[in-house]
Structures are given as structure tokens and as C-alpha cells.
Amino acid sequence: MTKRVVLMVLGAVLLALGALTAIGGGVLMALFGSSDTLNSGVQQVSTPARALVSPVAAMQNTTGVQTVFGTVRLHITATPAGTGHPIFIGIGPAAAVDRYLSGVSHDVATDVSLTPFHLTLAHHPGAARPAPPLSQPFWVAHASGNHATLSWTVTDGSYRVVAMNTDGTAAVSFNTQLGLTIPHMFAIGAGLLTGGIVLLLLGALLLVLGIRAQPRHPGTGSPHGMPDQVRSTPYPSSQARPVPQPGTPAHDTPTTSTADP
């Protein structure tokens, strides 16, 4: 493989890596912003049931993640809409929440997307009336009122996020905003963007060098492209003839003549 091909291949590889890295960094910066928070924006959520439940899912090895990035926090704000009932938002262990809502009409969000915001709900029917949520001791974080604001440090375990009217009545409607803060994500995105740009520049430089490199052909070592073996060959000395100089008489070979008697 010639030097020219090597330069062009390396340049193309660096260009591809640089583009992917820069795009990834730009996406992180756009999503998290300078506040390092992935935000859903204000969204309206409602259900005719008595509660809306969103599983946080099973969190594992969060200690290692927080050692690397810092404290990861979930933020939820909610204000009443429609009926105007004060809103309760709580996060509790999955088993305790399931027992509390057993036999109670509620909707479970089976899929949650922040950007764009989207909820897929599964309805669980029931006729039981739950006790007021504020009377339950199992919540690890909760907030209530006309402007409920909850902030929770993500920890290992399986949890549920629950939204209800504070009196436990049916038809829950509220405006909410979800946010997930992961420290240093904006700085990480900026670093990836910078590194991607550097890789792009290096790749472009290698491509230019590869394109400009002239391929070498066998037998073209002389400066003017003539084979090294071709040389001007002098005439043999026996065939060399002197060149008369101006003003010098020519010397002919003497001849012998025979005189008449």
C-alpha cells in the first residue's frame, strides 16, 4: 500500500469519526443546555381515574454513575388544570405504591418520552377509594398544593411516581414539567464537539496530503523523468576528430609524388 493510499484512508476514517463525535456533542449541548437538565417543557396531563402512575423503573448502580457525573436529580412541577383540585406528587417504593393503589382506579404510563413529551397509558379499573396520599408514610419524596415542586436524588431501587388530587378524588388534571439533571453534560458535549472538530481538521489535512502526493513509477528516478539508465555515451576516442580553430591552417596528410626524369 502506497503512502498516498494510507494518507487518504486515514483521512477518511478521521473525517467519519470527527463528524459522529461533533454531532454527538452538539446534540448533548442542545438537549441539556447550560443547566445540565433534560427538560420536557410544560405539558398538560389528565386522566378520569383517581391516580396517574409512572414507573421510574429499576435503578441500579446509581452510586457509580453519580461518582462519575455527580448528583443526578429528577425534578417535577405540577399545577392544577381543569377541576382545580390541589395536586399531590409523590415518589415511593414500587411495592408500597402497588399496595396503596390496589383496587383503586388508576392509569399507568407504560412509556414516557421527554423530547418530545409523550405518555402511553394503561388503565387499571377499580372501585376502592384510597386514603389521602399525604397520610401515607412510605413516600421518599413528595410535594402538594397549587404549585407542587418535587426534586429527588435518583437512588438504587424500584420506584413509582404518583400524581393524584390531594383528597384522592377521581379525574386528575394538571400541567406538569419534568426535568432530569445530570451534572457536566453540557461540558461533556462541548468537549465532544471540540474533539470532533479537531478530528475533522486532521482528516481533511491527511486527505489533502494524500491527494497531492504524486505516485512513483518504477524507473523514474532522474529529475526530468528520464530513466537513470539512459546516459549520453561519448564517441570512442578512435573516432574523435579535432575541430579546426579559426585562423589555424588545416594540416593535411602529406602525399608522395613521383617526379618525371
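The values are calculated or read from the model by the stated rules, or taken from the named source; none is laboratory data. Computed from a predicted model, the values in this text were never measured in an experiment. Please note: Cβ atoms are built from the backbone with ideal geometry, for glycine as well, and neighbour counts cover all protein chains shown.
For segment 118-213, which fully contained strands (runs of 3 or more DSSP E) count at least 2 residues that are surrounded by 14 or more Cβ atoms within 10 Å (Cβ to Cβ) and modelled with pLDDT of 90 or more? If you could, list the steps in order and put the result at the bottom.
Numbers: elements: 118-124, 141-145, 148-153, 157-165, 172-181.
Passing ranges, in order: 141-145, 148-153, 157-165, 172-181.
Residue-level analysis places D111 among those that are charged (D, E, K, R) and in contact with a Leu (Cβ under 9 Å, 6 or more places away or on another chain). Within segment 76-95, restricting attention to residues that are at pLDDT 85 or above and surrounded by fewer than 16 Cβ atoms within 10 Å (Cβ to Cβ), the residue that is farthest from W152 (Cα to Cα) is A95. Residue pairs whose Cβ atoms lie under 6 Å apart, sitting 6 or more positions apart in sequence or on different chains, and linking a residue in segment 1-28 that is modelled with pLDDT under 90 to a partner that is surrounded by fewer than 16 Cβ atoms within 10 Å (Cβ to Cβ) and assigned to a helix (DSSP H, G or I), are L7/L209. Against the test of being without any contact (Cβ under 8 Å) to a residue 24 or more places away in the chain and farther than 17 Å from T77 by Cβ, the options D111, D107, D156, D167 yield a single qualifying residue, D111.
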